[in-house]
Amino acid sequence: MLGYLTDADLKDIGVSRIGDRRRLLAAFAKLAQEDGFRVATPMPKASATNPHINSIGMPFVPIPRFQTIVGVYPIKVAEYKSYCQEKGTPFPDQANPTAENHPVVNVTWHECIDYCLWLTAKERDAELIGDDQFYRLLTDLEWSSAVGLPNESEDTPAERSKQKPVYPWGPAYPPRKGVGNYHPSLRCDDYDFTSPVDAFPPNERGIYDLSGNVWEWCMDNFNTSRTYHTLRGGAWDFYGSGLMSSARNANDPFGKGTSVGFRIALAMQDTFSKKK
Ligand SMILES: [Ca+2]
């Protein structure tokens, strides 16, 4: 289980030394500590064409190399509004024109973790997920798997950034029309700010919006200073090499931005998304 992971285990999944380990453990180590043999709860069955749909209607699909299943879309405005209403917290000012099916922005890393904890507790209470399963952000390496990158051997997201010079749409820059929502100067889409999460075709794993629209918070710290957390995917206000599949960005976990949102995953606690 998560609390007993060794440094080697954490390094294996990309959060060793760079992960906010204490926060991760405190946040998710709610697991019953009884002695004896435990049977792991099976992960929901899902495929690229037949996603698992959770209790609030979110689809999840598998990714290569990990047990984790990941959200097909970033968290939408409508979903985050429902959460804020249930929690009694104010919905963040989106600053720019948006709609219910656009990704929510202006959320801090810590607020995204709180969202994951809320959904985990909700589905555990309803006995829809086991007490060895939980929602969280994707790890940096899971995000790479989702976007189609091979295994990356560098230790930190900062060191992995832009090491593989390919874009989600192919090897050549700039993007052609209709592949994603990027900076208005590229003239490859019709959106000045965010766009609906399903405005562009999904990748071969059935995942939408990994490239462009909004940066997505990941679990991991960016580098060994442990000051900033990792962002992936580029956004509506970005162009250039920052749109590479392997590009990483970073921000203060208490910071927020009009082009920063998040995507969630359903993971196993006892292995913390150990490789298959
Ligand atoms: Ca655009």
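FYI, it's all coordinate maths here, none of it is from the lab. Worth saying up front: this structure is predicted, and the values here are computed from it rather than measured. Note that each Cβ is placed from the backbone with ideal geometry, even for glycine, and that neighbours are counted across all protein chains shown.
A few notes on this one:
- For PHE60, PHE134, order by how many other beta-carbon atoms lie within 10 Å, fewest first: PHE60, PHE134
- Pairs with C-alpha atoms separated by more than 25 Å, drawn from the list LYS76/LYS122; LYS45/LYS164; LYS45/LYS87; LYS81/LYS162; LYS177/LYS256; LYS81/LYS122, are LYS45/LYS164; LYS45/LYS87; LYS81/LYS162; LYS177/LYS256.
- DSSP beta bridge pairing in the range 173-266, given as percent antiparallel to the nearest 5: 70 percent
- Neighbour-count ranking [beta-carbon atoms within 10 angstrom, fewest first] of TYR173, TYR73: TYR173, TYR73
- 3J(HN,Hα) along the range 64-81: x, 6, 10, 7, 4, 10, 10, x, 5, 10, x, 5, 8, 3, 4, 5, 6, 4 Hz, from the Karplus curve 6.51 cos²θ - 1.76 cosθ + 1.60 with θ = phi - 60°, whole Hz, x for Gly and Pro.
- Average projection area in nm² (convex hull over Cα atoms of the range 7-268, one quarter of hull surface): 13.6 nm²
- Look at the dipole of the range 128-231 built from charges on Cβ: of ASN213, VAL197, TYR182, the Cα furthest out on the positive end belongs to TYR182.
- Whole-Hz ³J(HN,Hα) from phi, Karplus 6.51 cos²θ - 1.76 cosθ + 1.60, for the range 118-134, glycine and proline x: 4, 5, 4, 4, 4, 7, 5, 4, 7, 6, 8, 10, x, 7, 10, 10, 7
- Amide H contacts of ASP220: ASP140, THR230, each under 5 Å away and 5 or more positions distant or on a separate chain (H built 1.01 Å from N in the peptide plane; Pro and chain starts excluded).
- FRET efficiency for the ASP131 to TYR173 pair, using the beta carbon distance and R₀ = 45 Å, is estimated at 0.45.
- Using θ = phi - 60° and Karplus 6.51 cos²θ - 1.76 cosθ + 1.60, couplings along the range 197-211 (whole Hz; Gly, Pro as x): 5, 10, 6, 10, x, x, 7, 5, 8, x, 9, 9, 6, 5, 10
- Added length on full extension, which subtracts the Cα-Cα distance from 0.36 nm per residue, ASP252 to GLU154: 33.1 nm
- Dipole of the range 7-268, positive direction: furthest Cα of PHE222, PRO165, PRO42, with charges on the beta-carbon: PRO165
- Per DSSP, loop chymotrypsin sites (Phe, Trp or Tyr not before Pro) in the range 169-276 with at most 11 further Cβ within 10 Å: PHE254
- Annotation for the range 133-214: GluC sites (Glu not before Pro) lying in DSSP loop with at most 13 further Cβ atoms inside 10 Å of their Cβ are GLU154, GLU204.
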